[in-house]
Amino acid sequence: MVYAPFNGTIVQVADTKHAIGLISENGTELLIHVGIDTVKLDGEGFRPLVNTGDKVTQGQKIMEFDINKISQQYPVPTAVIITNSDVYEKFELLKTGSSGQNDQVLKVS
């Protein structure tokens, strides 16, 4: 499962369903990319639950994926990338590894 990390708007759902771009209400731009080379799966094993333009709330489920199926072909670490990181001065990693629906993993200021 992938959950919205903040209140915001979906700005992109990759055609291959493996990545979702969001922007928070305060302007943080984020890309959530599931797996390495998973674009090659052409969407197989991924099920986005949102569309471009959708408003989301923190903790809302935005994607489901079949980690067992995907991991048979590709590694499945999930990258969370701040795509407008140049506007922030400080990043604090709060958690690594698996996280749950309400876990805070990164703080920016």
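The values are calculated or read from the model by the stated rules, or taken from the named source; none is laboratory data. Quick caveat, the model's predicted, so the values are computed rather than measured. Cβ coordinates were reconstructed from backbone atoms using ideal geometry, including for glycine residues, and neighbour counts include every protein chain displayed. Side chains included, ligands, DNA and RNA excluded: accessible areas come from the protein's heavy atoms. Shrake-Rupley method; radii C 1.70, N 1.55, O 1.52, S 1.80 Å.
If the condition is being open to solvent by less than 70 Å² (accessible area, probe 1.4 Å) and in a helix (DSSP H, G or I), then the stretch 76-98 contributes only S85.
Does V50 satisfy the condition of being out of contact with any helix residue (DSSP H, G or I) (no Cβ under 9 Å at 6 or more places or on another chain), modelled with pLDDT of 95 or more, open to solvent by 60 Å² or more (accessible area, probe 1.4 Å) and on the phi < 0 side of the Ramachandran plot?
Numbers: out of contact with any helix residue (DSSP H, G or I) (no Cβ under 9 Å at 6 or more places or on another chain): yes; modelled with pLDDT of 95 or more: yes; open to solvent by 60 Å² or more (accessible area, probe 1.4 Å): no; on the phi < 0 side of the Ramachandran plot: yes.
Spelling it out, it is not the case that V50 is out of contact with any helix residue (DSSP H, G or I) (no Cβ under 9 Å at 6 or more places or on another chain), modelled with pLDDT of 95 or more, open to solvent by 60 Å² or more (accessible area, probe 1.4 Å) and on the phi < 0 side of the Ramachandran plot.
For the stretch 14-70, the strands (runs of 3 or more DSSP E) that sit wholly inside it and include 3 or more residues that are free of Cβ contacts under 8 Å to residues at least 40 places away in the same chain are 19-24, 46-48.
Figure legend. Inter-residue proximity from the stretch 97-109: first residues closer than 24 Å to V87 by Cβ, second residues modelled with pLDDT of 80 or more and of a type in the set (F, W, Y), beta-carbon distance below 6 Å, spacing 6+ or different chains. Indicated pairs: V108/Y88; V108/F91.
If only residues of the stretch 54-72 that are modelled with pLDDT of 95 or more and open to solvent by less than 50 Å² (accessible area, probe 1.4 Å) are counted, the one that is farthest from M1 (Cα to Cα) is V56.
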